[in-house]
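Visitor: Have a look at the structure that comes next, please.
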Amino acid sequence: MRMRCKGVLSVGVFLLVALLLVSSRATQACQTFDELGITTCITLYSSAYVNLPDKRRTVFDAKSETFFTRHPDNLLFQNNEALVVLDGNPEKLSEMIGFPIHWHLEIRPHYDSTYDATGFGQGTYHSFLSDLATNVSGDMQDNFQPLFREYYVDLHPKHLFIRLGRQIIAWGKSDGVYMLDILNNFNLTNPQIFNEQQIKIPVWAANVVWQATTNGELQGIAIPQYFPTYYAGLQFKGGYPLSGSYADFTYAGTGFINNELNGSLGFKIPTNVNNPSTRLNNWVYGARWSEQRGSVHYTLNYLYTWTTTQIYYPNTGTYATASAVNLHPHRMHVAGGSADYEFNTGNPWVDGTVLRAESAVTTGDVYYEGNLGNPVDVTHWGFLGAFDRQMLGDYLEKPIFFSFQYWQDWVLRRNNKCA
C-alpha cells in the first residue's frame, strides 16, 4: 500500500461487521498410542465465503494486457484441507538425558477449489492460479503454505524451555494490528480468516525461554530465513508471487501496483526479486521480557527484523526514470511493550472485563511518498488500547464476545530515501 509520508498516517477503530456469508464444517478424530507415547489427531475442514450482493468489477487481464469488466461469480473463497497432528513424548529418551522432551508435527494438505467452481469470474483465471491451489507440490509446499506446517522439538531443562524447528511465535496484545507480533508474516490468499494459527507463515527458529523469576521470564529468538507476507498471483522472476487484481480478496493497492508491473501502463516492467540470504548477519533476532505482577501481565519487546513485505525500489533511484523494479525488504528495529489487566472486584457488571494495550516504535520501516513517490525510510510510533468482555452469559448458551480497540500511528521522523 502506498502511503503519504507526513502527518498522522492512520487512525483505526475496529468494529466487527458481517459482510460475508461464511459456511464452514470440521470433523475431528484423535487416537493415543500409549506404548509409543504418541497422540494423533486428524481434522477435516472445509470453508466457503460467498459475497452478497452481486457486484461487477473492472480488472486488468495480465494475459491480454487489457482492462475489462467481469462478473465476480459471488464465490470469494472455497478451501478444503486436512490437518494431521502428531505429538510424542519419548519417555526413555527423556530419562536418558535427564529432562523431558516433546516433539510436534503438523501436516496440513489443502486444495483451494475457488478457481475451479465456476467457469467465469475468478474461475476465468484457473490457468494462472492452478499451481497455487495446493501445497502438495511446488513452491507452496515448502514456503508460504507448507505441507509440513509446524515441526519442532521441545526441550525442558530446569528453568528453561527450548523449542527448535519450524513454528509460529505470537507476541503482542492486539487483534488485526501487528506492531510487535511480526515474527511470522501472513499468507493473505484469504485475509478474512482471523485464525492466525491458520494463516501465519511458520518460520524456522530457535526459541529459548529462561524462567528467571517466579513470575518473570526472558525469551530469546533467532530466525535464519525470511518469508515475506504472501499474496497469491502471477509468478515473476525468481518464482515470487505477486497478485493481479483478478483475485476477489486482493487489496486494491496491491492489485494496482502489480497491474503496473504486468503491463497496465502499456508495457511490462522488469521485476527483480531478492530475499535476504541465510547468513548470520541477515537473521532475525528478538528478545522479550514477560512478567505477571498481580493482575497485570506486561512484556518488554525488541526485534531486529525486516519489513513484513518486499519494498518496491526503482532501479535508477526515482520512478520517473526507472526501467525496472527491484524488490527486497528493508532492515528495521522494533522496540515496545504490551500489557493487559483483568478486573476482579466482586462486581458482576465489571468483573471479566479485560483492558489491554500495545505500543511500539519502529525505525527503518518504509512508506511510499505519494502515489508515484519513492520509498522512504521512516521512524513511526504506534499505540493500541482496547477492552474485551463476554456479555449475556447468564441468558445465552454461547455468550457474546465484545471487543473494542483503538489504534493510532504517528510518523516521528523521515530518516532518508532508501535504496
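Visitor: Order these peptides, 287-297, 74-84, by their mean beta-carbon neighbour count within 10 angstrom, highest first.
Guide: 74-84, 287-297
Visitor: Excluding same-chain residues fewer than 8 positions from K398, which aspartates and glutamates have a Cα within less than 19 Å of its Cα?
Guide: In chain and number order, the partners are D351, D388.
Visitor: Also, quick follow-up: Dipole magnitude of segment 284-359 about its Cα centre, charges +1 at Lys/Arg Cβ and -1 at Asp/Glu Cβ only, in debye to the nearest 20?
Guide: That gives a dipole near 320 debye.
Visitor: Where a ≥ b ≥ c are the square roots of the eigenvalues of the C-alpha gyration tensor, would you call segment 147-196 rounded, which needs a/c under 1.5, or, failing that, prolate if a/b is larger than b/c, or oblate?
Guide: Cα axes put segment 147-196 in the oblate bin.
Visitor: Report the relative contact order of segment 316-385, percent, no decimals, based on alpha-carbon pairs under 8 angstrom and at least 6 residues apart.
Guide: 29 percent
Visitor: Is the shape of segment 57-114 rounded, prolate or oblate, going by the alpha carbon gyration tensor and its root eigenvalues a ≥ b ≥ c, with a/c under 1.5 for rounded and a/b larger than b/c for prolate?
Guide: Because a/c hits 1.5 or more and a/b exceeds b/c, segment 57-114 counts as prolate.
Visitor: Count the net charge of all other residues whose Cβ sits under 15 Å from the Cβ of V284, scoring Lys and Arg as +1 and Asp and Glu as -1.
Guide: +3
Visitor: While we're on this one: Roughly how far apart, in whole Å, are the Cα centres of segment 279-342 and segment 353-378?
Guide: 10 Å
Visitor: Right, something else. Which shape class, rounded, prolate or oblate, goes with segment 254-384 when its Cα gyration tensor gives a ≥ b ≥ c as root eigenvalues, a/c under 1.5 marks rounded, and past that a/b bigger than b/c marks prolate?
Guide: prolate
Visitor: In what sequence, highest mean first, do 321-333, 350-362 appear when ranked by Cβ atoms within 10 angstrom?
Guide: Highest mean packing first, the order is 350-362, 321-333.
Visitor: Hey, another quick one. Given a 1.4 angstrom probe, what's the average accessible area per residue across segment 265-419, in square angstrom?
Guide: Normalised by residue count, the accessible surface of segment 265-419 is 54 Å².
The values are calculated or read from the model by the stated rules, or taken from the named source; none is laboratory data. Computed from a prediction, not measured in an experiment: that's the story for all the values here. Glycine gets a Cβ as well: all are built from the backbone with ideal geometry, and neighbour counts include every protein chain shown. Protein only, heavy atoms only, side chains kept; ligands, DNA and RNA dropped before computing areas. Shrake-Rupley method; radii C 1.70, N 1.55, O 1.52, S 1.80 Å.
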